[in-house]
Amino acid sequence: MTWIHTDDTPGATRHAGELLARLAGGKIPTYRVGKLLAERPFVDSWDHPGGRWQGPEHGRPDEQPAYLVPACECGWYGADIPYDVHGGEVPRPGQTPMRHGASRTAQAAWRDHATAALTSATPDTHHQALAQLAALGAELANERPRAALTLSRQLREIAALLEPLAVAGALAHHITWDTIGGDLGQSRQAVNGRYVRPSADLSDRVHRLTGDTVEALLRTTRTPGTPPPAVTTWQDEVRQLLVTSTQQDQDQVGTPSQ
């Protein structure tokens, strides 16, 4: 069974998910397609306990899984969900044929993932934090204008760090350059050109954050099934940015800031 979630942004591509399953020994069964190994999907049954493994007969497991695992074509895997072959209930007429509550939990987890990945709306918690920061910035501009100028510069530098990560994540989720440009308030050509022909500064930022070149990062995120890049240096980069900025301000005045 394939789950489909379509982004309503013009030109954006859909997200597709599927239900995998893990055996008691911890393995997700696979089967060979040419030289590649494909993970074997699992389908819950509505008319009898347990479900069935999809894919070719050869090598098909003869045991029921211990856990269900929601997965997405973008490379995302959800948390393991305990699977009880006797759980759940037979669906009422018109409902999706899923006997077990674990199957519905898995689909809901994937749908939450796909919705979050494909919406451009800022989460409420982040929106509130941004509104609070804006209010503090306005207050700072009235009382300490030079400090507000410093804050403005720091925010631009943080945004410059954030953008390439967001672009890479968007490409990993199959979001088009048209949509990426629109979300950034720029044209497709402007954004695409900035990453196809990266400046030395952009190349340096990407390398510090991911250990990759911009070209390698884009190539990786265009590969189906590749998750967005993992960044372990984000906090260090932001901390160093703020420390460097503070040191520059102290050097300008010749005395420690209060």
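A compact table of results
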| quantity | calculated |
| --- | --- |
| Whichever residue in region 40-72 is surrounded by 17 or more Cβ atoms within 10 Å (Cβ to Cβ) and charged (D, E, K, R) and, among such residues, is farthest from residue 170 (Cα to Cα) | 44 |
| Candidate set: region 134-176, residues that are modelled with pLDDT under 90 and touching a Lys or Arg at 6+ places or on another chain (Cβ under 7 Å); chosen: the one nearest to residue 75 (Cα to Cα) | 171 |
| Residue 109 vs. criteria at pLDDT below 90, surrounded by 12 or more Cβ atoms within 10 Å (Cβ to Cβ) and of a type in the set (A, V, I, L, M) | no |
| Failed criterion for residue 239 (all others in (1) assigned to a helix (DSSP H, G or I); (2) at pLDDT 85 or above hold) | (2) |
| Qualifying residues in region 102-143 (those that are under 30 Å from residue 51 (Cβ atoms) and polar (S, T, N, Q)) - the one nearest to the chain's Cα centre (by Cα) | 115 |
| Residue check, residue 222 farther than 30 Å from residue 15 by Cβ, at pLDDT 65 or above and either open to solvent by 70 Å² or more (accessible area, probe 1.4 Å) or hydroxyl-bearing (Ser, Thr, Tyr) (or both) | no |
| Inter-residue pairs, beta-carbon under 8 Å, first within 25 Å of residue 131 (Cα to Cα) and in region 155-180, second of a type in the set (Phe, Trp, Tyr), 6+ apart | 161/234; 164/195; 165/234; 167/195 |
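So that you can scan it fast, the table gives a plain yes or no per residue for (1) surrounded by 16 or more Cβ atoms within 10 Å (Cβ to Cβ); (2) under 23 Å from the mean Cα position of the chain (by Cα):
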position	(1), (2)
149	no, no
158	no, yes
164	yes, yes
167	yes, yes
175	yes, yes
185	no, yes
191	yes, yes
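The values are calculated or read from the model by the stated rules, or taken from the named source; none is laboratory data. Everything quoted here is computed from the prediction, not taken from an experiment. Please note: Cβ atoms are built from the backbone with ideal geometry, for glycine as well, and neighbour counts cover all protein chains shown. Accessible surface areas use protein heavy atoms only, side chains included; no ligands, DNA or RNA. Shrake-Rupley method; radii C 1.70, N 1.55, O 1.52, S 1.80 Å.
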